[in-house]
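Here is the structure we will look at, set down as structure tokens.
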């Protein structure tokens, strides 16, 4: 996982009730992080 993805995950986790919207599958590996892909 690249540094920008780690930063996005950390910020979302710190906010608590945040959902990350992305097509990047790397973020799905972060336990407890809500990730959605709206490109479908």
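Taken together, the values in this text are just the output of simple stated rules run on the coordinates, not laboratory data. Values in this document were obtained by computation on a predicted structure and should not be read as measured data. When we count neighbours, we look across all protein chains shown, and the Cβ atoms used for this are built from the backbone with ideal geometry, even at glycine.
Descriptive notes on the structure:
- Classification of the chain by its C-alpha gyration tensor yields an oblate form. The axis ratio a/c (a ≥ b ≥ c) is 1.5 or more, and b/c is at least a/b.
- Calculated FRET value between residue 10 and residue 40, using beta carbons and R₀ = 30 Å, to 0.05: 0.70
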